[in-house]
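First the structure, which I've put down as C-alpha cells, then a few questions once you've had a look.
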Amino acid sequence: MTDTKFTPRVFSGIQPSGNLTLGNYLGAVKRFVEMQESGIQTIYCMVDLHAVTVWQDPETLRHNTRELAAAYIACGLDAEKSILFNQSQVSAHAELGWLFGCVARLGWMNRMTQFKDKAGKNAEKMSLGLYGYPALMAADILVYHATHVPVGEDQKQHVELTRDIAAKFNHDFKTDFFPQPEPVIDGAATRVMSLRDGTKKMSKSDPSDLSRINMTDNADTVAKKIRKAKTDPEPLPDNLEDLAGRPEARNLINIYAALNGQKPEEVIAEVSGQQFGQFKPLLADLAVAKLSPIGDEMTRLMGDVAEIDRILGAGADRAAEIAEPILAQTFDIMGMIRSRR
C-alpha cells in the first residue's frame, strides 16, 4: 500500500527520442490524461537527461523535446492542470540522482534488464549514465515524493528499484522521509505490440515503419498500416481465451479496445465471427478518428516553439518549487552543509 503520510502525487516521464508512437500514446500519455482528471496532482516530464545516456544530436534533441511537449498537450494534458517540463531544467533531478547512485547497490543495477537489452554484447562500450540511469529514474520520482507512477509493464522493474532505494535510504538514515511509490499499470493496451510481429513491443527503433503507427502519421498512412498489419486466417472468436497463441489478433483487439475506451472482452463480443477483412477497416476508421486530431494539433503547436518553451519554463519553475525543499531536506538528512543555498 502507498504510505498514507504522503500527499497523493503522480509523476511519470517519456524520453524525447522522436517519433512518438501509438504504443507511447496508449501505454502512457492517454493514461497521463486520465490521471490528470482524477484530482491528484500530476507531474509529467520530458526526460532529456535520460535521453543523453546515448549520444544525441543537439538540434535533434531540442526538436524532439519540443515535439514531445506538443504531443503531451495535443493528447489532452493541460499545463494549468498538470506540471509539464523538461527534466534538465530542474537541477534537483541530477543532484538527487547522484545521491541515490551512492545509495543503490551494484548488484541491483546488474539485475536491470533494460540495460542488458539496450547494450547487448556491447556493454563495455555503453555510457556509465546508461548503466546507472535507474538511480536517476528513482530520483525523478522521489524528488517529488510521488506516490503513483503510471508505467508500462516493461518499466515496472524500475519502480520496484525506486522502492528499494527509498527503503534503503530510510533504513540507513533512520527516517521515513521517502515514500514507497506504486506503479500504476492498467488499461487494455499498456503494452502495444508491433503490427508486424505480435510478440514484440511496438518500437520507434524497429527498422520497419510498418511495424508502428507514429503520432505524426496522416490519416492515409494510419489506415494503410492497419490494413497491412500482420494477422492470421482465422475468424475472431467469441472469447479472449481463444486468442491465446494468436498474438497479432490479440494486439489488434487490445488496440481497438484502448482507442474506444472499452475492455477487450467487450470488443470480442461485438466482432466475434468476423474475418480480419471486416475488422481491420473498423479499426482503421477508429484509429484515424482518434489520432488525426492529435497529429493536426501537434503540427499547429510546433508552429510556435517559443510558446512551447514558455510552457516548459513555467512548468519547470512549478516543479522546482516542490523539488528543491525535498532535495534540501535530503542533503540535511545525509549531513551536508547547505548554508549558501
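How many residues are hydrophobic (A, V, I, L, M, F, W, C) and not in a helix (DSSP H, G or I) if we restrict to segment 121-148? Before the answer, list the steps.
Step one: filter segment 121-148 for residues hydrophobic (A, V, I, L, M, F, W, C), giving 123, 126, 128, 130, 135-139, 141-143, 146.
Of the ones still in play, those that are also not in a helix (DSSP H, G or I) are 126, 143, 146.
Residues flagged as hydrophobic (A, V, I, L, M, F, W, C) and not in a helix (DSSP H, G or I) within segment 121-148 amount to 3.
Report yes if some residue within segment 59-68 is open to solvent by 70 Å² or more (accessible area, probe 1.4 Å), outside any helix (DSSP H, G or I) and free of Cβ contacts under 8 Å to residues at least 60 places away in the same chain; otherwise report no.
Taking segment 59-68 as the starting set, the residues that turn out to be open to solvent by 70 Å² or more (accessible area, probe 1.4 Å) are 59, 62-63.
When the remaining residues are screened for being outside any helix (DSSP H, G or I), the result is none.
Within segment 59-68 (the criterion being open to solvent by 70 Å² or more (accessible area, probe 1.4 Å), outside any helix (DSSP H, G or I) and free of Cβ contacts under 8 Å to residues at least 60 places away in the same chain), the answer is no, since none of the residues qualifies.
What are the residues in segment 228-250 that are within 27 Å of the chain's Cα centre (by Cα) and more than 17 Å from residue 273 (Cα to Cα), if any?
228, 229, 230, 247
Further question: Quick check, is residue 142 closer than 26 Å to residue 204 by Cα, in contact (Cβ under 8 Å) with a residue 12 or more places away in the chain and not small (Gly, Ala, Ser)?
No.
Oh, and also: Would you say residue 284 is part of a helix (DSSP H, G or I) and touching a helix residue (DSSP H, G or I) at 6+ places or on another chain (Cβ under 8 Å)?
Spelling it out, residue 284 is indeed part of a helix (DSSP H, G or I) and touching a helix residue (DSSP H, G or I) at 6+ places or on another chain (Cβ under 8 Å).
I'm trying to understand the selection: among the residues of segment 97-117, which are open to solvent by 80 Å² or more (accessible area, probe 1.4 Å) and part of a loop (DSSP other than H, G, I, E, B)?
The initial filter retains those residues of segment 97-117 that are open to solvent by 80 Å² or more (accessible area, probe 1.4 Å), namely 98, 105-106, 110-111, 116-117.
Listed by number, the residues that qualify are 105, 111.
If you check residue 50 against the conditions, is it buried (at least 22 other Cβ atoms within 10 Å of the Cβ) and within 15 Å of the chain's Cα centre (by Cα)?
Yes: the conditions hold for residue 50.
Mind checking which pairs have a first residue in segment 325-341 that is part of a loop (DSSP other than H, G, I, E, B) and a second that is modelled with pLDDT of 95 or more, Cβ under 6 Å, 6 or more apart or different chains?
From residues that are part of a loop (DSSP other than H, G, I, E, B), the pairs are 338/331.
Where residues in segment 158-213 are open to solvent by less than 20 Å² (accessible area, probe 1.4 Å) and polar (S, T, N, Q), which of them is nearest to residue 262 (Cα to Cα)?
Among those that are open to solvent by less than 20 Å² (accessible area, probe 1.4 Å) and polar (S, T, N, Q), it is 194.
Taking segment 324-333 only, how many residues are touching an Asp or Glu at 6+ places or on another chain (Cβ under 9 Å) and not aromatic (Phe, Trp, Tyr)?
Matching residues across segment 324-333 total 2.
If you don't mind, there's one more thing I want to ask. Which of the residues that make up segment 217-241 are open to solvent by 80 Å² or more (accessible area, probe 1.4 Å) and either of a type in the set (S, T, N, Q) or more than 24 Å from residue 154 (Cα to Cα) (or both)?
Once the filter is applied, which keeps residues that are open to solvent by 80 Å² or more (accessible area, probe 1.4 Å) and either of a type in the set (S, T, N, Q) or more than 24 Å from residue 154 (Cα to Cα) (or both), segment 217-241 yields 218, 220, 224, 227, 228, 233, 234, 238.
State all residues of segment 1-22 that are of a type outside the set (Phe, Trp, Tyr) and either in contact with a helix residue (DSSP H, G or I) (Cβ under 7 Å, 6 or more places away or on another chain) or buried (at least 23 other Cβ atoms within 10 Å of the Cβ) (or both); if no residue qualifies, say none.
Within segment 1-22, 10, 12, 13, 14, 15, 16, 17, 18, 20, 22 meet the criteria.
Check segment 29-41 and report whether any residue there is open to solvent by less than 20 Å² (accessible area, probe 1.4 Å), over 15 Å from residue 18 (Cβ atoms) and not in a helix (DSSP H, G or I).
The answer is no, given that none of the residues of segment 29-41 is open to solvent by less than 20 Å² (accessible area, probe 1.4 Å), over 15 Å from residue 18 (Cβ atoms) and not in a helix (DSSP H, G or I).
Of everything in segment 166-183, what is under 26 Å from the mean Cα position of the chain (by Cα), modelled with pLDDT of 95 or more and not aromatic (Phe, Trp, Tyr)? Give them in sequence order.
166, 167, 168, 179, 180, 181
Exactly one condition in (1) open to solvent by 50 Å² or more (accessible area, probe 1.4 Å); (2) at pLDDT 95 or above; (3) not hydroxyl-bearing (Ser, Thr, Tyr) is false for residue 252; which is it?
(1)
The values are calculated or read from the model by the stated rules, or taken from the named source; none is laboratory data. Just so it is clear, the structure is predicted and the values come from calculations on it, not from any experiment. Positions of Cβ are generated from backbone atoms using ideal geometry, with glycine treated the same way; all protein chains shown enter the neighbour counts. Ligands, DNA and RNA are stripped out before the accessible areas are found, and what is left, the full protein with its side chains, is counted by its heavy atoms. Shrake-Rupley method; radii C 1.70, N 1.55, O 1.52, S 1.80 Å.
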